[in-house]
Each structure stands twice: as C-alpha cells, then as structure tokens.
1. Suppose we keep only residues that are of a type in the set (Ser, Thr, Tyr) and under 15 Å from ARG159 (Cα atoms) within segment 97-137. Which one would you say is surrounded by the fewest Cβ atoms within 10 Å (Cβ to Cβ)?
2. Out of SER87, SER97, SER175, report the one residue that is assigned to a loop (DSSP other than H, G, I, E, B) and either within 27 Å of ALA18 (Cα to Cα) or at pLDDT below 95 (or both).
3. Please verify whether segment 42-64 includes one or more residues that are free of Cβ contacts under 8 Å to residues at least 24 places away in the same chain and under 15 Å from SER122 (Cβ atoms).
4. Is at least one residue of segment 89-96 over 26 Å from TRP141 (Cα atoms), buried (at least 20 other Cβ atoms within 10 Å of the Cβ) and touching a residue at least 24 places away in the same chain (Cβ under 8 Å)?
5. Can you tell me which residue within segment 58-82, out of those that are under 16 Å from LEU46 (Cα atoms) and among the β-branched types (Val, Ile, Thr), is surrounded by the most Cβ atoms within 10 Å (Cβ to Cβ)?
6. Select from segment 157-171 the residues that are of a type in the set (A, V, I, L, M) and at pLDDT below 95 and write down the one among them that is surrounded by the fewest Cβ atoms within 10 Å (Cβ to Cβ).
Amino acid sequence: MPDCLRPVRQILAAAHFAAERHAAQRRKGHTAEPYVNHLLEVAELLARLTDELDTNLIVAALLHDTIEDVGVTRDEIAQRFGEDVASLVAEVTDDKSLPKETRKALQIENAPHKSPRAQALSAADKIANVRSIATSPPANWSFERRVEYVRWARQVVGRYSQLNGRLAAEFQQVSAELQEWEKSGGTNDFF
C-alpha cells in the first residue's frame with residue numbers, strides 16, 4: 001500500500017468504527033442528529049485548524065467519546081488504532097464513575113497539564129458543543145443552563161497553555177458570538 005494512502009485508510013477506519021459504535025446514539029438537541037455528526041465536526045475542525053495534518057489526532061477525534069459513551073475500552077482502541085490514539089482518547093475521557101460536577105471541576109483543574117494535542121482535541125470538542133448548544137440545545141436545557149455550559153467551556157479552554165492559535169481564535173470567535181447572543185437573552189439567532 002502506498003504510504004500516501006495509509007492516513008486516509010486509518011481515518012476512514014476510525015470513522016467507520018465510530019459510526020458503528022455510536023449508531024444508536026443521537027445528539028440531545030431538538031434536531032436529534034446522529035451522534036457521528038458531532039465526531040465528524042470535531043475531526044474536521046482539527047483538520048482545518050491545526051498546523052499539520054496529524055492523522056492520529058484526527059483518528060482520536062473520531063473516537064474521543066467511545067470510552068465514555070459506548071463502552072469501548074482503551075485496550076480495544078490501542079489494538080485497532082495504536083497506542084498514540086488510545087493515549088489521546090484516554091487523555092480527554094472523563095471518569096464517568098465520578099459525579100458530573102467533580103468531572104467538570106477536574107477538567108478545569110487538569111486543563112493546563114494536558115498535552116498540546118489533547119488540548120487541541122478538547123478545544124475542538126468544546127467548539128462543536130457550544131455551537132450545538134446555541135443552534136440545537138437539548139429540550140430540557142434552560143437558557144441559564146446553556147449559558148452555564150458555555151462559561152464552563154471558557155474556563156477549560158482558557159486554561160489551555162499550549163493551544164494552537166487558530167483553534168484558540170475559533171473558540172474565541174464562537175465564544176464572542178455567543179456572548180452577544182447571551183446579552184440578547186437568547187432571542188437573536190446565534191449564527
């Protein structure tokens with residue numbers, strides 16, 4: 001196999017694996033889009049906004065919620081996609097045995113200690129989540145809960161000391177747009 005095809009095959013294998021594992025999962029927003037759309041958005045953000053194409057980072061983006069949400073093990077990821085991918089996924093995975101508020105506090109606390117690639121992956125995830133909350137929020141989320149999530153995401157991303165400049169700028173842009181949306185009380189269109 002020509003070396004130029006290897007990254008494409010790895011990314012497509014990860015997309016296929018993620019689509020299979022998340023097949024029954026939908027986003028919580030009122031449009032209830034397939035969860036795989038979120039994974040593709042995170043991967044696309046990283047492909048577009050990082051300085052070099054990092055195949056393992058793109059693969060990790062596609063798999064970043066598999067441990068947390070669908071019970072895939074770190075070992076399974078390592079066996080299928082390599083130790084580097086498994087390490088990246090594990091680095092951005094919350095310990096679901098902990099209470100939600102503890103997990104959120106740990107994300108803030110641990111943010112500056114994440115590797116630069118994990119910071120990039122997490123920031124792309126937060127960008128996608130903030131956009132989703134603004135455009136298709138979960139039906140049971142009040143305006144205040146959406147604002148609270150965005151403030152928390154700003155705290156996490158604000159502590160990333162090694163975040164790629166273009167990802168940081170994208171988060172700042174989304175955050176600024178959302179801040180204007182917040183000031184309007186959520187009555188204006190977000191985008």
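The values are calculated or read from the model by the stated rules, or taken from the named source; none is laboratory data. Fair warning: this is a prediction, and the values are worked out from it, not measured in the lab. For neighbour counting, all protein chains shown are included, and Cβ atoms are generated from backbone atoms with ideal geometry for every residue, glycine included.
1. SER115
2. SER97
3. No: segment 42-64 contains no residue that is free of Cβ contacts under 8 Å to residues at least 24 places away in the same chain and under 15 Å from SER122 (Cβ atoms).
4. Among the residues of segment 89-96, at least one is over 26 Å from TRP141 (Cα atoms), buried (at least 20 other Cβ atoms within 10 Å of the Cβ) and touching a residue at least 24 places away in the same chain (Cβ under 8 Å), which makes the answer yes.
5. Step one: of segment 58-82, the residues under 16 Å from LEU46 (Cα atoms) are 58-65.
Still in the running and among the β-branched types (Val, Ile, Thr): 58-59.
Values: ILE58: 23, VAL59: 28.
My answer is VAL59.
6. Kept after step one, since they are of a type in the set (A, V, I, L, M), are these residues of segment 157-171: 157, 163, 167-169.
If we keep only those that are at pLDDT below 95 as well, we get 163, 167-169.
Numbers: LEU163: 20, LEU167: 25, ALA168: 17, ALA169: 12.
Only one residue tops the list, namely ALA169.
Quick grid of which residues meet (1) in contact with a Cys (Cβ under 6 Å, 6 or more places away or on another chain); (2) within 26 Å of VAL85 (Cβ to Cβ); (3) among the basic types (Lys, Arg):
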| residue | (1), (2), (3) |
| --- | --- |
| GLU101 | no, no, no |
| ALA118 | no, yes, no |
| SER122 | no, yes, no |
| ASN129 | no, yes, no |
| ARG146 | no, no, yes |
| GLN162 | no, yes, no |
| ARG166 | no, yes, yes |
| GLU177 | no, no, no |
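Table: residues versus (1) of a type outside the set (Gly, Ala, Ser); (2) over 15 Å from the mean Cα position of the chain (by Cα); (3) outside any loop (DSSP other than H, G, I, E, B).
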| position | (1), (2), (3) |
| --- | --- |
| GLU68 | yes, no, yes |
| VAL72 | yes, yes, no |
| ASP75 | yes, yes, yes |
| ALA111 | no, no, yes |
| ALA123 | no, no, yes |
| ASN129 | yes, no, yes |
| ILE133 | yes, no, yes |
| TRP141 | yes, yes, no |
